[in-house]
Amino acid sequence: MDARVAVLASGSGTNLQALLDDPVIRPWIALVVSDRPEAYAIERARTAGVPTVVHEKGPRGDDAFGRALVSVLRDHHVDTVVLAGFMRVVGPAFVDAFEGRILNVHPALLPAFPGAHAVADALAHAVKVTGVTVHLVDEEVDHGPIVFQEAIPVRDDDVWDTLEPRVHEVEHRLLPAALRALVEGRLKVEGRRVHVLEMPA
Ligand code: GAR
C-alpha cells in the first residue's frame, strides 16, 4: 500500500503526532502544511524529518487560498489530505481537487457544534454527551460523510482542561484508523453513508 499524505495543522499538532507515531502511516506522510509559522505542528514535523510548508497567504474565505494550496500539494505529489486541527476553510477548489480523499477530525459529535470551539460549546450547552467525529470533507465546514464517531460522557464537574484531554485521546485513536482505512481502500461511500470494511484476515 502506498500513499502520499499531506497533514494540515494550525496548532499544537497532537493529532499529527498520533499519525507520525503510527508505523504504518508514518511512511505515507509526505508533507506537513500549516497556516501559522509558529504552530508547534511544524516543529513536530521537523523532528520527524517530514518536509514542511507554511502557507498563510490569501484572505479568509477566499478560494484563492485553497487553489494555491492545491498547487503546493500537487508539487509534492500528494494524493490524500488530513485536516488535523487546520483552522482555515480550504474552499471548494481544494475539495474538488482532492475529492473523497480529505479527512477531517472534529472534537464533537457532528452535526452538533461545528466550528473552532466545539469543546467549549459542548460545555457551554451543558450537554451530557459529546465526542469525536472523523469525516470525509465536502464543501461545507465540518461537514461530509462520517467515517467514525465515538461518544464521550461529559461529567458535571468537567471544565475545558478535564474534557479536552479525553477528546484528544479518542481523536488520536480514530484519526489514524480512518486514514488507514481510506488509504487501504476500505472506505465505501454510498451517498452520505460510509461503510468501513475490516482488514482482510
Ligand atoms: C483537535 O481537537 C481537532 O479536532 C480540532 O482542533 C484540535 C487540534 O488539536 N479541530 C477542529 O476544531 C476543526 N473544526 P491538535 O493540534 O493537538 O491536533
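Would you mention how many residues in the stretch 151-201 are in a strand (DSSP E or B) and surrounded by 13 or more Cβ atoms within 10 Å (Cβ to Cβ)? Reasoning before the result, please.
Going through the stretch 151-201, the residues in a strand (DSSP E or B) turn out to be 151-153, 187-190, 193-196.
Within this subset, residues satisfying the condition of being surrounded by 13 or more Cβ atoms within 10 Å (Cβ to Cβ) are 152, 187, 189, 194, 196.
Here the count works out to 5.
Among the numbered criteria (1) among the β-branched types (Val, Ile, Thr); (2) over 13 Å from residue 179 (Cα atoms); (3) touching a strand residue (DSSP E or B) at 6+ places or on another chain (Cβ under 9 Å), which single criterion is violated by residue 29?
Of (1) among the β-branched types (Val, Ile, Thr); (2) over 13 Å from residue 179 (Cα atoms); (3) touching a strand residue (DSSP E or B) at 6+ places or on another chain (Cβ under 9 Å), only one is false for residue 29: (2).
Select, from 81, 127, the only residue that is assigned to a strand (DSSP E or B) and either more than 12 Å from the ligand (Cβ to nearest atom) or more than 18 Å from the chain's Cα centre (by Cα) (or both). Step through it out loud before you land on a result.
On the way: 127 fails: assigned to a strand (DSSP E or B).
Just one listed residue meets the conditions, 81.
Restricting to the stretch 30-43, what's the tally of residues that are surrounded by 21 or more Cβ atoms within 10 Å (Cβ to Cβ) and assigned to a helix (DSSP H, G or I)? Spell out the reasoning first.
Looking only at the stretch 30-43, we keep the residues that are surrounded by 21 or more Cβ atoms within 10 Å (Cβ to Cβ), and these are 31-34, 39, 41-42.
Adding the requirement that they be assigned to a helix (DSSP H, G or I) leaves 41-42.
Counting residues in the stretch 30-43 that are surrounded by 21 or more Cβ atoms within 10 Å (Cβ to Cβ) and assigned to a helix (DSSP H, G or I) gives 2.
Say whether the condition of being modelled with pLDDT of 95 or more, within 11 Å of the ligand (Cβ to nearest atom) and of a type in the set (A, V, I, L, M, F, W, C) is met by at least one residue in the stretch 53-66. Let's see the steps before the verdict.
Applying the first criterion (modelled with pLDDT of 95 or more) to the stretch 53-66 yields 53-54.
Narrowing further to those that are within 11 Å of the ligand (Cβ to nearest atom): none.
No, the stretch 53-66 has no match at all.
Pick out the one residue from 197, 179, 123 that is in contact (Cβ under 8 Å) with a residue 40 or more places away in the chain and out of contact with any Asp or Glu (no Cβ under 7 Å at 6 or more places or on another chain). Before the answer, list the steps.
Numbers: 197 fails: in contact (Cβ under 8 Å) with a residue 40 or more places away in the chain; 123 fails: out of contact with any Asp or Glu (no Cβ under 7 Å at 6 or more places or on another chain).
Exactly one residue qualifies, and that residue is 179.
The values are calculated or read from the model by the stated rules, or taken from the named source; none is laboratory data. All values reported here derive from a predicted model rather than from experimental measurement. No Cβ is skipped: glycine too gets one built from the backbone with ideal geometry, and neighbour counts run over all protein chains shown.
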